[in-house]
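A.B. asks: My structure is below; once you've seen it, I'll send some questions.
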Amino acid sequence: MAKIKQRSRIAKLRNKAAYQKKKGDEAEGASSVDQVFPLIERLQSSTDLHERVITVSTISILCNDTALRKSFLKEKLVKLLLEESLKGADNQLFSQVFILLKILIEEEGYDIGAYVWRLNIWNIILKAFEAAYTEIKSNDQSQINQSTEAAQLMEIALDLVLSLLDADNADNSFSGKVYSQIVEDNLTQHVTNLLNMDHAPANVYRAGLGYLFNLCNYSAEFVKGLKKDEEVQFAILEHKATDELSKLYLEGLKFHFFEIERKQNIDQFLANAYKYILEIITPIDVQGQLTALGSSGSSIHSSEARIQLLSIDVGLDLLATLVEYNGTQAELDEYERIEVNPELLEFYEDSLGKTVLELWKFSNFQHRVSRVLNNLFWLMLTNKTPLNEVWYQSQANFLREELVPKLFHIVEYGNFDDFELFVEDKLDYLNLAWVLLKSQKSVGYFSLDDLIGLFSLPKLASLYEFSMKLLINNYKQDSEFLLSPYTIQQFFTSLVGINTELALNISSSNSYIDVIDIISQFHIQLLGTSLMILNPKVRFESKVITEQSNYSAKKVKDNFGTSLETICIETINSFFDIFSDASFSYDQPIFVLKNVGLQLQDFLKSYRTVYKSIDKNKFNGLKIKSEETLTNLERFIQYKKSESG
């Protein structure tokens, strides 16, 4: 089932703007202690509901600063919120506490999500939701579309449920637990009842559609159950959808239903969906809405701006998913090429690429634009029909002028506005550069000198140094720069992919041996470091890891999941591609004289241990790929020995 939703940066933008304003109001030089302790004490002692609302709201703003957030958490903020602050709470206080918990979960991830779950957050959410639901249900027709406190609470409660669903651990067991509770307590039935109310407030209606949209992204079974639900009727829902975001949520639901039914021609469905989505998001004044969201003006204008910008988020997610779906549903020929419908091909070349590139200049949307472009570039690369010269020219310009400068822009550790987003951006640039290198190679658009100018030795060395720090920091205990296993895996598999593609692009010349040498050295270091983290008792002749900390098998599992095993597979396979033939001009000076074969032999025993440790019952696909890689590595080492012998 196609996944649509990606994490939004719009909420971060709004929260950051609020924090900057709050920060500007603070006395110069105010420390975290000066700000944290008084608020914690006020939260503990205050009996006035309004004062507690203001206190929680202030803490929410301050928690957008990483250091302050960590300080609040050390003072047991979460426990205080759930066990003390909600005593006698009204709708407004529940809303503010839920907003703060949502921020903490989205920033800190699984650890906070699991902790609030143990503190019985689910029952608190359910109780607040049901009370708000009863209040809204009892409202009369004259109160239609009024954003009451009950409506706001219901909207925020559903958002918090989705944040819990996203706060997953490596094996997805936590999200499974949250989803099971959603099903057991039949929360979805309450939501569909809300959507069928004649007088549900607009924000509740929108939140209800967003909830269904996101649950469909999570579970194919949920989609099937929703499809059978007679309460969900698109004709009625479409009539009530008055804002851009609600309409796009509905379009997402239609796509999920289409995946199950397939009653309509795929090309026709895609053409209609593309047209509808672009009609919604293209007229939005992005700069105007960003200005409104970041200002300290009317909360109504800020809310409207947020909805408009989130509409672009969802619209881009839908576009990326539809392009991907087009590629996965097409039939491959014997050369693994596809035939894209001519009308869709024209749309992709003339409209879609240009439209999303207009949004690239807005940093808040670059991540989503990257996903659309990445899927689009791969689709066009596998298409049989030759593309026009303008397409390749625009790709080359984008690679040269936009991607490469951003890819090699490295920030010193400690100077990040948002470390996770910085790495997420780097991953986007890697993915796009990878597919564009493949695409440009197929038409010979770049000369070898052009490529080396773009991917020079100093640039590569800087990127590789930064990348190894990512791996080491995820290994260190209590690192401030932890990344999710998914991000680690995607980052390094993409980096290995682009390195391999770069090496193959320049393999025909003996003038660029230094570039292939640094790529080979990096892959040796990456493979050796990954193996040592997975299997620390094994020591290699080659010194591949320079920083170590106390080993913890549980911490490795928590911090890496199965990402290291996948990185090992991809990195080992890269040697098969780069050094596949002794006739390559660089094979003798690099593989033979730099003893690459001996280093791979050195790693073989450790990799065999890693292969044996993979649980085939939990990770059968990974086990199979690992076994294939192990067999190929053994054969490759023998093959290269025979070549030189």
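A.B. asks: According to the square roots a ≥ b ≥ c of the eigenvalues of the Cα gyration tensor, what is the shape class of the chain, taking rounded for a/c under 1.5, prolate for a/b larger than b/c otherwise, and oblate for the remainder? Each step should come with its number before you reach the end.
C.D. replies: Values: a/c = 1.91, a/b = 1.45, b/c = 1.32.
Verdict is prolate for the chain.
A.B. asks: Using only the Cα atoms of region 579-645, each taken as one equal point scatterer with no solvent, compute I(q) by the Debye sum, divide by I(0), and report log10 of the ratio at q = 0.13 Å⁻¹.
C.D. replies: -0.44
A.B. asks: Take the alpha carbon gyration tensor of region 94-243, find the square roots of its eigenvalues, order them as a ≥ b ≥ c, and report rounded if a/c is under 1.5; if not, report prolate when a/b exceeds b/c, else oblate.
C.D. replies: Details: a/c = 2.11, a/b = 1.36, b/c = 1.54.
In terms of gyration-tensor shape, oblate.
A.B. asks: Next question. Under the definition of Cα pairs under 8 Å and six or more residues apart, what whole-number percent is the relative contact order of region 207-331?
C.D. replies: On the way: 73 pairs, mean separation 32.5, N = 125.
Answer for region 207-331 is 26 percent.
A.B. asks: Separate question: Highest mean first, how do 216-222, 348-354, 159-165 rank when packing is the count of other Cβ atoms within 10 Å averaged over residues?
C.D. replies: Values: 216-222: 18.7, 348-354: 16.4, 159-165: 22.4.
My ranking of the peptides, most packed first, is 159-165, 216-222, 348-354.
A.B. asks: Can I ask one more? Can you tell me the length gained on complete extension of the stretch Gln233 to Thr282, counting 0.36 nm per residue apart and subtracting the Cα distance? Each step should come with its number before you reach the end.
C.D. replies: Values: separation 49, 0.36 × 49 = 17.64 nm, distance 2.75 nm.
Here the segment from Gln233 to Thr282 would lengthen by 14.9 nm.
A.B. asks: Order 565-575, 358-368 from most to least packed using the mean count of other Cβ atoms within 10 Å.
C.D. replies: On the way: 565-575: 23.0, 358-368: 17.5.
Ranking, from highest mean packing down: 565-575, 358-368.
A.B. asks: Moving to a separate point now. Working out 0.36 nm times the residue gap between Glu75 and Ile518, then minus their Cα-Cα distance, what length gain in nm do you get to one decimal?
C.D. replies: Values: separation 443, 0.36 × 443 = 159.48 nm, distance 4.70 nm.
Length gained between Glu75 and Ile518: 154.8 nm.
A.B. asks: A further question follows. Indicate the gyration tensor shape class of region 192-294 (rounded, prolate or oblate), computed on the Cα atoms with a ≥ b ≥ c the square roots of the eigenvalues: a/c under 1.5 is rounded; otherwise a/b larger than b/c is prolate and the rest oblate. Write down the numbers at each step before the final one.
C.D. replies: On the way: a/c = 1.95, a/b = 1.23, b/c = 1.59.
Note, shape of region 192-294 comes out oblate.
A.B. asks: Moving to a separate point now. Between Ser511 and Ser456, how many nm apart are label points set 7 Å from Cα along the C-beta direction?
C.D. replies: With each label placed 7 Å out from Cα toward Cβ, I get 1.6 nm.
A.B. asks: What's the center-to-center distance, using Cα atoms, between region 301-363 and region 551-589 in Å?
C.D. replies: Comparing the Cα centres of region 301-363 and region 551-589, I get a distance of 32 Å.
A.B. asks: Taking amide H positions as placed 1.01 Å from N in the peptide plane, with prolines and chain starts having none, which residues 5 or more places from Asn383, or on another chain, fall under 5 Å of its amide H?
C.D. replies: Counting only residues 5 or more places away or on other chains, the set is Ile338.
A.B. asks: 7 Å from Cα along Cα→Cβ at both Ser447 and Asp267: what's the point-to-point distance in nm?
C.D. replies: 4.1 nm
A.B. asks: Based on alpha-carbon positions alone, could you give the equivalent ellipsoid semi-axes of region 445-644 from the gyration tensor, as √(5λ), descending, whole Å?
C.D. replies: Details: eigenvalues 154, 84, 45 Å².
Listed largest to smallest, the semi-axes of region 445-644 are 28, 20, 15 Å.
A.B. asks: Sequence gap at least 6, Cα distance under 8 Å: using those rules, report the relative contact order of region 445-644 to the nearest whole percent. Working shown, then result.
C.D. replies: Details: 170 pairs, mean separation 49.7, N = 200.
This gives 25 percent for region 445-644.
A.B. asks: Once you wrap a convex hull around the alpha carbon atoms of region 44-106, what is its projected area averaged over all directions, in nm²?
C.D. replies: Working: hull surface 15.1 nm².
Answer in nm², one decimal: 3.8.
A.B. asks: So for the chain, averaging the separation of alpha carbon pairs under 8 Å that are six or more residues apart and normalising by length, what relative contact order in percent results?
C.D. replies: On the way: 628 pairs, mean separation 62.5, N = 645.
Once divided by the residue count of the chain, the mean separation gives 10 percent.
A.B. asks: Something else now. Report the label-to-label distance for Ser173 and Asp615 in nanometres (one decimal), using points 7 Å from each Cα along the Cα→Cβ vector.
C.D. replies: Distance between the two pseudo-spin positions: 0.7 nm.
Rule-based calculations on the coordinates, nothing more; no lab input. Keep in mind that what you see is a predicted model, and the values were worked out from it rather than measured. Reconstructed Cβ throughout: ideal geometry from the backbone, glycine too, with neighbour counts over all protein chains shown.
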